[in-house]
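Please read the structure below before turning to the comments.
The values are calculated or read from the model by the stated rules, or taken from the named source; none is laboratory data. This one's a predicted model, so the numbers in the text were calculated from it and none came from an experiment. Virtual Cβ from ideal backbone geometry, glycine too; neighbours counted across all protein chains shown. Accessible surface is based on the protein model in full, side chains and every heavy atom, while ligands, DNA and RNA are left aside. Shrake-Rupley method; radii C 1.70, N 1.55, O 1.52, S 1.80 Å.
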Amino acid sequence: MSYTDYQRWISRGRPFRLMTPAANLRDLLRRYGYTVYDIGNESHLTHEPPEDHTPYSETSYPGDSVYGVGYAIDIMPPPAGSGLPSLQLLGARLLADRKAGVPGIRWLKYMNWEPERNNGGDCWHESWQPNYARRSSSDRGHIHLSGLTGYESSTIGAGYDPVARIRGGSDDMSEQAENEIHQVYVGLFNGGSSMGRRVDPDGAGALPSSNSLVAKLDYLLARLDGVAAGVASLAGKDWTDEPAIIAGVLAGLSPQLLGEALKAAGLTPEAFAAAVPPEMAKQVVDELLARLNAGTTSQAG
């Protein structure tokens, strides 16, 4: 039926616009120098079933697609010598922000990307429909992003800049907070404690090679027992209005690991809490601070 859909679309004058938050990201990345595609070629437009690179997708979620609206973009590798973040760094930033509930990327339904290198290593399909899930993908050589219905005209993506977040940690992160993140990272993984060795203490894999403070913070947060799965369950929810859910997620924090990290780095719980990304609601920060205090108490002596 998609060939008929394609012909009908042509007869109607080829109406097409990209959903607004995806268009915001597309335009931003193009200004940096990335090549970003939106509407698909004829093989996409006649594919059965029509998918998110078409203006008549039949694979939309959670509702029906709006006719004439596209829901997907493909981000290609940056030009050689451009100094732009690789697709691996960019994909990691997008994934971490989506998992953390950063508003500017909350519209993301799924992404396909390669965390190791272009056209090599693992390739993952990471989705939120509605809960987070990961499976293998064969969609290589670029980052594919598909959006959720309901965000067709949303301004939620305005101002979201993953490249700036990679280069500068976070637009809103102070130098003091960056230094505190770095000290926690170094104290935990680079000596100064019983866990001070250049390996992952929970055996989940090697340390990230990037020197980015964001990568370091993401790695620390990923090591906290239960947090990744818990935060993923909050996709699409308003954190400030979900105290019970927030409390349940924070209950999964590992006081032992937190206490060891803070003790090794010579930090107070207040100093670490100050480094929490500003997107987190004040209530979440307060709860986190309470958990951190509990953790350091358990590590005393």
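One table, with the values for the structure above:
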item	result
Criterion: out of contact with any Lys or Arg (no Cβ under 8 Å at 6 or more places or on another chain) and either closer than 19 Å to A158 by Cβ or not aliphatic (A, V, I, L, M) (or both) - qualifying residue of R106, R31, R93, R98	R31
Odd one out for L94 among (1) under 26 Å from R165 (Cα atoms); (2) open to solvent by 50 Å² or more (accessible area, probe 1.4 Å)	(2)
Positions within the stretch 17-35 being more than 18 Å from H142 (Cβ to Cβ), surrounded by 16 or more Cβ atoms within 10 Å (Cβ to Cβ) and of a type outside the set (A, V, I, L, M), in sequence order	T20, P21, N24
Number of positions in the stretch 92-118 that are more than 22 Å from D52 (Cα to Cα), outside any helix (DSSP H, G or I) and not charged (D, E, K, R)	4
Selection count, the stretch 11-34, where residues are among the small types (G, A, S) and closer than 13 Å to A72 by Cβ	2
Whichever residue in the stretch 75-91 is without any contact (Cβ under 8 Å) to a residue 60 or more places away in the chain and in a helix (DSSP H, G or I) and, among such residues, is most open to solvent (accessible area, probe 1.4 Å)	Q88
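To keep it simple, each residue is scored yes or no on (1) aliphatic (A, V, I, L, M); (2) surrounded by fewer than 15 Cβ atoms within 10 Å (Cβ to Cβ); (3) within 21 Å of the chain's Cα centre (by Cα); (4) more than 11 Å from Y6 (Cβ to Cβ).
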residue: Y37; (1), (2), (3), (4): no, no, yes, yes
residue: G40; (1), (2), (3), (4): no, no, no, no
residue: E51; (1), (2), (3), (4): no, no, no, yes
residue: P55; (1), (2), (3), (4): no, no, no, no
residue: S60; (1), (2), (3), (4): no, no, yes, yes
residue: V66; (1), (2), (3), (4): yes, no, no, yes
residue: I73; (1), (2), (3), (4): yes, no, yes, yes
